[in-house]
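Presented below is the structure to which this report refers.
The values are calculated or read from the model by the stated rules, or taken from the named source; none is laboratory data. Treat the numbers as computed from the prediction; the structure is a model and nothing was measured. Methodologically, a virtual Cβ is constructed for each residue, glycine included, from the backbone with ideal geometry; neighbour enumeration extends over all protein chains shown. In case anyone asks, the SASA skips ligands and DNA or RNA and just uses the protein heavy atoms, side chains included. Shrake-Rupley method; radii C 1.70, N 1.55, O 1.52, S 1.80 Å.
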Amino acid sequence: MNETLNDNKAPTQPSTGPVAAVLNQCRRGFIMMAGLCVVLELLSLAPIVYMWNSFDRVMSSRSVVTLLSLTVLIVGVYMFWSAMEWTRSRLMVRLSLRIDWELAADVFDAAFRRQAHRKAVNVEQAMGDLLTLRQFLSGKGVLTVIAAPFSLLFIAVGAAFHPFLALYSLGTALAMLIAAMANQRMTTSALKASNTAKHEATRMAASLLRHSESTRALGMMPALRQRWYAQHREFVALQVQASDAAGSGAGVTSFLQHTSNSVGMALGVYLAIEGLITGGMVMAASMLIGKAVGPLQSLISQWPAVVGARQAYDRLNTLLADDVRPADAMALPAPLGHIVVDNVSGGPSGAERDVVQAVSFELAAGQSLAIVGPSAAGKTSLSKLLVGAWEPTQGSIRLDGVEISQWNSDELGPLIGYVPQEIEFFEGTVAENIARLGAIDADAVVQAARSVELHETILQWPKGYDTVLGDDGFALSGGQRQRLAIARALYGNPRYVVMDEPNANLDDVGEQALIEAMRQMRTRGTTVIVTTHRPRLVGVVDLMLVLKSGRQVGFGPPKDLFEAVKRVQPVPTDMSAKSPAQAENRSAA
């Protein structure tokens, strides 16, 4: 079994998608499971043979020895039967685990990357689809599909008793199959639309609840409830349509189920009256008819699960096939901070126009830059491009000579610092959040907190550095959140730090701590880029970049650009400017 589950050979047949490729890797396990199903279906004939012989041989001969022999034999068959079912169950569980091991991380990463690129994705549905597929492959759903063709086997056995029994079983099975196909046609599209509306209503409710405090304060609850209820009502209406469609098919199949056994018994009794079969064959034939129709009855009852698994399979295939994974490349050394931005344009994925257009500048390792401009100038968009959160539509951003999009984000992320404008913390302690949920270096955590003068404040929180943050955790003020986000960005003393309006919620004490942290980073040779509306931060940087409507209108030493900032007029871009001192030397020359 272990050999089967560890079959990692490349598939010999071309796959139709990433999920199909994983299933193809498990083909030996599925073949073994199908073989066990064949054995078990054949063993299911044993009770029929036992009943037939008990009525026709034991009762006519009144032989206790024959009865005892048959009983011992059937008990042995049942023991073997149970062992085979136990083996199949363990194999199915391990196959489902193998599928989860192979796909879970890829599905999570694909959903994460899709969300990061601002593409439509329902993360809960993606993870739920994986669970649906796994449960289908380890439950009754897949067994029902495998067992359905065995109806023909039981029909053939019925033909050995009498052709009429085989014809009746075949007719009943065909009727069941037609009913199942009709039910599928009526319910598939309705179920798909209903499930989509359900997930959308759930997603909307979760999104609204995340903003419950501002919603209540602004009296927006009635309007938001109306929006959610409109989506919920659409889901309920589609669910009713799907239930009505399923109910119509269920009525037909219920009639066929109730009548097939009784009419089959009547046919057997008639054939016995005519002397065409024996009394024992009547009981055996009744069981055979049930066995012939049973797999199709199970298929009908499990059909919603089959449809759901198929839809989950298609959605997972689409998600993984559309995912653009970072190319495997040699690990690069930690960046020193030399950044070159060459004619960069870009914005959020799917935007009709670039938010940032034709921006160019260069920073030597250890230099600092302030990006300024009016609201909606593109400062936040440029900061996201500078850390690789967004990819430019044209131009290049090179960190130490390497295109930043070519860095492996899992490797680069821990080596740089980033403070987003919208700050979020994860479920975990203060120390875990500062350490970016990685292995905690206590000294580095305390050093990062001290760099923004937050250490003493953290010690006053309920559990100090072990205070739990997150949606249901300790509530932080706006300034505390911002300083904690700066401490997270500075954890590990990165050589390249980008901060998007890090002083927006800071008081004078907090802003002075940020300024001192920037000076310390300058001393360590850290390249710092900061967006800001406040002039205090501009006084501690080497260079300043002025943006207006996403375009670069000035770049150079701050004192040379203050007048341009006030007027928001284009000034000559000095790409060669390196620092205020260098600019003064050029002016003197």
Inside the range 345-362, can you point out the residues that are buried (at least 18 other Cβ atoms within 10 Å of the Cβ) and outside any strand (DSSP E or B)?
-> G347, D354, V355
Being aromatic (F, W, Y), open to solvent by 10 Å² or more (accessible area, probe 1.4 Å) and out of contact with any helix residue (DSSP H, G or I) (no Cβ under 8 Å at 6 or more places or on another chain), is that true of even one residue in the range 397-418?
-> yes
Restricting the range 48-92 to residues that are open to solvent by less than 30 Å² (accessible area, probe 1.4 Å) and closer than 22 Å to I289 by Cβ, the one modelled with the highest pLDDT turns out to be I74
Condition check for R134: more than 23 Å from T253 (Cα to Cα), touching an Asp or Glu at 6+ places or on another chain (Cβ under 6 Å), in a helix (DSSP H, G or I) and among the basic types (K, R) = yes
Taking the range 442-493, which residues are under 14 Å from E427 (Cα atoms) and of a type in the set (S, T, Y)?
-> Y465, T467
Of those in the range 137-165 that are small (G, A, S) and closer than 18 Å to S286 by Cβ, the residue nearest to the chain's Cα centre (by Cα) is S151
So which residues in the range 420-437 are within 28 Å of T527 (Cα to Cα), outside any helix (DSSP H, G or I) and either open to solvent by 40 Å² or more (accessible area, probe 1.4 Å) or modelled with pLDDT of 90 or more (or both), if there are any at all?
-> P420, Q421, E422, E424, F426, A435, R436, L437
Just to be sure, is A504 in contact (Cβ under 8 Å) with a residue 12 or more places away in the chain, under 26 Å from G388 (Cα atoms) and part of a helix (DSSP H, G or I)?
-> no
Being within 26 Å of the chain's Cα centre (by Cα), over 26 Å from P557 (Cα atoms) and not in a loop (DSSP other than H, G, I, E, B) is the filter here, so list the residues in the range 363-419 that pass it.
-> S405, Q406, S409, D410, E411, L412, G413, P414
Filtering the range 496-511 down to residues that are more than 33 Å from the chain's Cα centre (by Cα) and closer than 15 Å to V530 by Cα, which residue is most open to solvent (accessible area, probe 1.4 Å)?
-> N505
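Each row is one residue, and each column tells you yes or no for (1) closer than 26 Å to D109 by Cβ; (2) among the hydroxyl-bearing types (S, T, Y); (3) at pLDDT 90 or above.
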position	(1), (2), (3)
W390	yes, no, no
S396	yes, yes, yes
A439	yes, no, no
T457	no, yes, yes
Y465	no, yes, yes
L469	yes, no, no
